1. Only one residue in P2, P38 is closer than 28 Å to D184 by Cα, at pLDDT below 95 and not in a helix (DSSP H, G or I), so which one is that?
2. Any residue at all in the range 197-204 that is assigned to a helix (DSSP H, G or I), touching a residue at least 24 places away in the same chain (Cβ under 8 Å), more than 21 Å from L23 (Cβ to Cβ) and charged (D, E, K, R)?
3. Evaluate the following for T123: is it within 19 Å of the chain's Cα centre (by Cα) and of a type in the set (S, T, Y)?
4. Since L146 meets every condition but one in (1) touching a residue at least 40 places away in the same chain (Cβ under 8 Å); (2) surrounded by fewer than 18 Cβ atoms within 10 Å (Cβ to Cβ); (3) among the hydrophobic types (A, V, I, L, M, F, W, C), which condition does it not meet?
5. Checking the condition in contact (Cβ under 8 Å) with a residue 60 or more places away in the chain and either among the small types (G, A, S) or out of contact with any Lys or Arg (no Cβ under 8 Å at 6 or more places or on another chain) (or both), which residue from A102, A117, A83 passes?
6. Within the range 222-245, is even one residue in a strand (DSSP E or B) and either free of Cβ contacts under 8 Å to residues at least 60 places away in the same chain or under 23 Å from D21 (Cβ atoms) (or both)?
Amino acid sequence: MPAIIETRDLTRRFGDLVAVDRLNLAVERGEIFGLVGPDGAGKTTTLRMLCGLMNPSEGSATVAGHDVARESQAVKDQIGYMAQRFGLYGDLTVDENMTFYADLFDITGQVRADLTAQLLRMTRMEPFRTRQAGRLSGGMKQKLALMCTLLHRPEILFLDEPTNGVDPVSRRDFWAILYQLLKDGITIFMTTAYLDEAERCNRVGLMHRGRLIRCEAPEEMKRATEASTLEGAFIKTIHAVDGVTRP
């Protein structure tokens, strides 16, 4: 079965800066894939290209069988994308935000009612339906953003550091939701700044200066680098690439 996300020498330049440098990657259907790396490594640029929001300078990528440059609308129909700052409306309630996004996706009638109820149960947000989004906690805002992203039942979910700045309990709840989505057959591609979250992924890709320098399961990465932690594996890999000798 072909990969549901695949890139071939995917490259993005901004003037003289190469933000993503010849990225070759394949993500299988039904896995959760984590992209990790320092700030400026190219993670968000990669995500935006895969979502059809930015054209590559060179190379190509297919998502759900569609070319991201030539068939960007077909890609967008199959995916959900949750940016670091999702476009919630603070003066609207939880219900009103969900209604707004359902209208955008042209989801109406009983389908809308059933799906809204299902998402509210899954996220345990039912008691907060009438609360304005601006008055929600950080964790609840992320849950609401995720619900809005899932309203059109995407095949693939792209998440850009979805739990950044969220308290540990809300992060745990968020991951419980992600695992449920995996059981429902949704493929998840995410960037994260938290290495404990990277440990939860089926596979992890480490980006550094625009290049993918390592990609494998977290345990395999630790064994290959003889590191006891994933953080140690990342540091050893980056130092090896940069030619840094540690005492």
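The values are calculated or read from the model by the stated rules, or taken from the named source; none is laboratory data. Computed from a predicted model, the values in this text were never measured in an experiment. Neighbour counts are summed over all protein chains in view; Cβ atoms, including those assigned to glycine, are modelled from backbone coordinates with ideal geometry.
1. P2
2. yes
3. Details: within 19 Å of the chain's Cα centre (by Cα): yes; of a type in the set (S, T, Y): yes.
Considered against the rule, which asks whether it is within 19 Å of the chain's Cα centre (by Cα) and of a type in the set (S, T, Y), T123 comes out as yes.
4. (2)
5. Values: A102 fails: in contact (Cβ under 8 Å) with a residue 60 or more places away in the chain; A117 fails: in contact (Cβ under 8 Å) with a residue 60 or more places away in the chain.
Exactly one of A102, A117, A83 is in contact (Cβ under 8 Å) with a residue 60 or more places away in the chain and either among the small types (G, A, S) or out of contact with any Lys or Arg (no Cβ under 8 Å at 6 or more places or on another chain) (or both), namely A83.
6. So the first thing to find is which residues in the range 222-245 are in a strand (DSSP E or B), and the list is none.
Checked against the condition, which is being in a strand (DSSP E or B) and either free of Cβ contacts under 8 Å to residues at least 60 places away in the same chain or under 23 Å from D21 (Cβ atoms) (or both), the range 222-245 yields no hits at all.
For every residue, the table says whether it meets (1) more than 21 Å from I79 (Cβ to Cβ); (2) among the β-branched types (V, I, T).
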site	(1), (2)
T7	no, yes
V18	yes, yes
D39	yes, no
S57	yes, no
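Matching residues to (1) within 27 Å of G134 (Cβ to Cβ); (2) surrounded by fewer than 14 Cβ atoms within 10 Å (Cβ to Cβ); (3) among the acidic types (D, E); (4) in contact with a Gly (Cβ under 7 Å, 6 or more places away or on another chain):
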residue	(1), (2), (3), (4)
P56	no, no, no, no
Q84	yes, yes, no, no
Y89	yes, yes, no, no
N97	yes, no, no, no
